[in-house]
Amino acid sequence: MAQTKDSANQHRPRRKRGFEVAAKLVATPVQQVSEGRGFAVSRLLTHWPEIAGEPLAAMTRPVKISHSRGGFGATLTLLTTGPVAPMVEMQLPQLRDKVNACYGYNAIQRILLTQTAPEGFAEGQASFAHKSAIRPAPGPADLAQAGQVADRFDDPTLAAAMRQLVLNHTDRQTRKR
């Protein structure tokens, strides 16, 4: 009877144990959403700064890929802001080569620029980079309090981290008021 249990366990598939890579969990939903917008290769969306280059990626976002009925090649639509559109337009041939290198063949025939938000004209504020908040410099009392906390620690790295934590906390408390 013990032999039947062992033989039954040998034929059962093992359950996964441990963690799965987060990329595996997200890959299928990202692929489905990107295919709905015409992106057969979702790498174009997820790795846009690597493909286009940092300066160009800061000014543009891929919006959709449309395929013509009778023609060969697709059209990539990029979202950009008005002031940088002429600079982006001058770089379109090089960008087209980079995008086609991502696909591995001459998939993109044309690149169009749009200067609106993907949702339309009403939401036409296209913000590509997060603006850092301008914070006032900490006062002498805040620096003194942070120094007192940091002096309690022997490790210089931990002391610097605690000093920054105290400064962040007092800055947040100041902004709440």
Give the residue that is modelled with the highest pLDDT, with candidates limited to residues of the range 136-176 that are assigned to a loop (DSSP other than H, G, I, E, B), under 33 Å from the mean Cα position of the chain (by Cα) and loosely packed, with under 12 Cβ neighbours inside 10 Å. A137
If the requirement is being without any contact (Cβ under 8 Å) to a residue 12 or more places away in the chain and either closer than 17 Å to H47 by Cα or in the same structural domain as I51 (by TED's automatic domain parsing) (or both), which of these qualifies: Q109, Q94? Q94
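The values are calculated or read from the model by the stated rules, or taken from the named source; none is laboratory data. Here the structure is a predicted model, which means the values were calculated and not measured. Neighbour counts are summed over all protein chains in view; Cβ atoms, including those assigned to glycine, are modelled from backbone coordinates with ideal geometry.
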